[in-house]
Amino acid sequence: MDSVHNAKLTSAEISALWSQYLNETASLCIHNHMMEHLEDRDIRGAFEYAISLSLKHLDKIKEFLTGEGFPIPVGFSEKDWTPNAPRLFSDVLCLNYLNIMSIHGCHGYAGAITTSTRYDIREYFTGCNASAVELCNKTKDILLEKGLYYRPPVLTPPKQAEFVKNDNFLAGGWLEEKRPLSCIEITDIYFNLKKSILGKAIGVAFSQVAQSKQVQKFLHPAVNMTTKHIDMFVDLLNKESLPAPSILDAKVDGLFYNNFLCKLLIS
């Protein structure tokens, strides 16, 4: 198709490939560290699959970019992680991490498909999206099998369909009686809460091993910010008598987490 016209890479295609290259090289660093300590066979299998996908994707991205005369991006490498380092995360946190990242992959690849023009680029990202969906299903199935997956809240069916009658609905009913959350709002709150819970746990762990004072200075406020987000989301769910997923802080190595809490108390 496009080869007849000798179509060049568009800005959208370059940005999608560049972004994916950095994401894949970063994920390899994290996945390789986690793989050194994973004990559960099923979880290890999911990570092995994820690593194989990243390596395959990086080769293809290099092929696309060099074929058009573009330089290979400077991504993350072996210099950005320390082999044989002490364990930072439990198997449970690692599995939750991989599940959340696969969800981001599904969203990102879908966007890349819709903004790309060339047939071969769209075909590539379509394959990436299919693999991300497979990884998402694989990790979710493992979480379900082990009783570790927190399902979104289940609601009682309404007696009949209703229509919005005034614009107070869009404001959430702040000026009058507070209306119940809609299913769409509950879904967004719940999954943003799950991502914030994971982000806080990751931030706590990395803040303990970061050798750069500048990085530590960045991570501490980030953890405080995600803590505020978690409290806000949990409060919204509690007011509706809806359950919230469990915090993952305890899935960070205990020594690192206790040290972090001490630093926060001292500061």
Zone residues, segment 75-104, relative to T187, backbone N less than 19 Å from point 7 Å out along Cα-to-Cβ | 100-104
Using the per-residue mean of other Cβ atoms lying within 10 Å as a proxy for protection, in what order, highest first, do the peptides 153-159, 186-192, 63-69 fall?
-> 186-192, 63-69, 153-159
Length-normalised contact order of the chain in % [C-alpha pairs under 8 Å, at least 6 apart] | 20 percent
Ordering of 21-30, 161-170 by packing [mean C-beta count within 10 Å, highest first] | 21-30, 161-170
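Which of the DSSP-defined H helices in the chain satisfy a minimum axial length of 20 Å, computed from C-alpha atoms, and a minimum mean Kyte-Doolittle hydropathy of 0.5?
Flagged H segments are 91-115, 183-209.
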At 7 Å along the Cα-to-beta-carbon direction for both N224 and E48, put a label point, then send me their distance in nm to one decimal.
-> 4.5 nm
Order by protection proxy (mean Cβ within 10 Å, highest first), peptides 91-104, 134-147 = 91-104, 134-147
Could you list, in their original order, any pairs among K159/K239; K140/K195; K200/K228; K140/K194; K8/K60; K146/K239 whose Cα atoms are separated by more than 19 Å?
-> K159/K239; K146/K239
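Under Stokes-Einstein, with the Kirkwood radius over Cα pairs standing in for Rh, what whole-number D in µm²/s applies to segment 180-237 at 25 °C and 0.890 mPa s?
201 µm²/s
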Once a ≥ b ≥ c are taken as the square roots of the eigenvalues of the Cα gyration tensor of segment 48-112, is the result rounded (a/c under 1.5), prolate (a/b larger than b/c) or oblate (a/b not larger than b/c)?
-> oblate
Under 11 Å from a label point 7 Å along Cα→Cβ of K146: give me every residue in segment 24-53 with its amide N that close.
-> 38-47
Taking a cut-off of 15 Å between Cα atoms, list the aspartates and glutamates near K217, but don't count ones fewer than 8 places away on the same chain.
-> none
Report the calculated FRET efficiency for Y119 and I72 (r = Cβ-Cβ distance, R0 = 30 Å), to the nearest 0.05.
-> 0.80
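Taken together, the values in this text are just the output of simple stated rules run on the coordinates, not laboratory data. Model, not experiment: these values are computed from the prediction. When we count neighbours, we look across all protein chains shown, and the Cβ atoms used for this are built from the backbone with ideal geometry, even at glycine.
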